[in-house]
DNA sequence: CCTACCGATCGGTAGG
DNA sequence: CCTACCGATCGGTAGG
């Protein structure tokens, strides 16, 4: 029904899979079922459409993240956090692809957006982890900021690259199975390298 | 001197930073200092140039990897392997960017190339790690294939995305320092989540 | 390795 | 939301 919304959806899909420069305004318009000039009435320029797509992804991220932090503020923090962040990207892998593409195409622009949408949250997590250090739960050698960043990057790239990379896992070409294996191992790596004991931390 | 080589170098640089679709044959020719039709004499099509660039990266990779494995076949395996793989991409970050871009743009094509250039080596490493399990050095819960894949992906994405992502690390905007911090933490995460004891493994 | 040129497609506008 | 159209640029070819 909402034209603007379906333009955004089709543009997200196409930009994620073919890139911004590899997608023409014509293609997006066709996917929506309107003519090119009609699309350009809603967004005025191709670049404005790109910014809207990126803004939409980051807005949803900024919307979902605080809720996660509130819900997970007691025990099981880590698992809840990991689970919620993963499902944000698993739910729509195009989000991961868009962000990876922007990081490659326009590092300066993305840097500014990450500073407002991601850095504060990494700071919060890093602070929590530092508290965990003094409680003796978190390994003292952890570089908490770099650690948090690595974990986010692993989630994003695991999901965005799974399609090309799953061949390396062995005989099975099944996408869902590969995803589960990668996410399981990712969780294990993240947990083991963070806590002093590999068991669940005592709250 | 060698025209073909300087075309490949400039194309690698431009494709890595602006993407294949974001770079025109004209631009590459200008960077080399020749005219467009002259470039198209050496490569006949833009797509052939792309394949040559990608093939060049993978050829260097296939060239350097066996040497690493021979050199590191005794003790200190892990550190030597990580160090060598990292320096392959640190030496020229455009390699990491090209591979990430191909994974996003043409997953099917890259899948085939990874199957021949990367999978066999992941299999070797995974086999070594499985031996480490029975010797009681490597944690039994490790999914060795998924683990190896995660480590490679972390190295590649750390280097390719560092420019956009380092803002999250805190006040310091220095690129070299951020790289060191990220690589140090990456090594620590990889080592800690692999071995039963966080100390160096007894050979 | 060059000049000259091709049809196709690009993002975007005029005007309704 | 449409038709009609714009100049610029695209990858690629002819011919030397």
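What follows is calculated from the coordinates using simple rules that are stated; it is not laboratory data. Everything quoted here is computed from the prediction, not taken from an experiment. Cβ placement follows ideal geometry from the backbone for every residue including glycine, while neighbour counts extend to all protein chains displayed.
So which residue, out of A:79, A:21, A:130, gets the largest mean-square fluctuation from a GNM of chain A using Cα contacts under 10 Å as springs?
Maximum fluctuation in the GNM of chain A, among the listed residues, is at A:21.
Find how much the distance from residue B:175 to residue B:80 grows on full extension, using 0.36 nm per residue of separation minus their present alpha carbon separation; answer in nm with one decimal.
31.8 nm
When a footprinting reagent is the concern and you count Cβ atoms within 10 Å, what order do A:88, B:20 take, fewest first?
Fewest to most other Cβ atoms nearby, the residues stand as A:88, B:20.
Separation of the stretch A:1-69 and the stretch B:161-194 by C-alpha centroid, Å?
32 Å
Could you pull the copy-to-copy label distances for residue A:131, with points set 7 Å along Cα to Cβ, in nm to one decimal and sorted shortest first?
4.7
Could you give the distance between the Cα centres of the stretch A:92-137 and the stretch B:125-144, to the whole Å?
What the calculation gives is 32 Å, centre to centre.
With springs only between Cα atoms under 10 Å apart, run a GNM on chain B and tell me which of B:71, B:191, B:13 wobbles the most.
Result for chain B, Cα springs under 10 Å: B:71 fluctuates most.
Which residue, B:12, B:177, B:144, tops the fluctuation ranking in a GNM of chain B built on C-alpha contacts under 10 Å?
B:177
What is the helix-to-structure angle for B:107-117, meaning the angle in degrees between its Cα long axis and the longest Cα principal axis of chain B, kept from 0 to 90 and rounded to the nearest 10?
Tilt relative to chain B: about 60 degrees.
Find how much the distance from residue B:196 to residue B:91 grows on full extension, using 0.36 nm per residue of separation minus their present alpha carbon separation; answer in nm with one decimal.
My answer for the length gained is 34.6 nm.
Multiply the residue separation of residue A:71 and residue A:130 by 0.36 nm, subtract the distance between their alpha-carbon atoms, and state the gained length in nm to one decimal.
19.2 nm
Quick one: if the Förster radius is 45 Å, what FRET efficiency do residue A:2 and residue B:26 give, using the C-beta to C-beta distance and rounding to 0.05?
After rounding to 0.05, the efficiency reads 0.65.
Could you work out how far apart the two model spin labels at residue A:42 and residue B:137 are, taking each label as a point 7 Å from the Cα in the direction of the beta carbon, and quote it in nm?
5.9 nm
Divide by every residue of chain A the summed helix terms, -39500 (n - 2.57) for each DSSP H run of at least 4, and state the resulting mean residue ellipticity at 222 nm, rounded to the nearest 500 deg cm²/dmol.
-25000 deg cm²/dmol
If you average the sequence gap of Cα pairs under 8 Å that are 6 or more apart and divide by the length of the stretch B:1-109, what percent do you get for the contact order?
So the answer I get is 30 percent.
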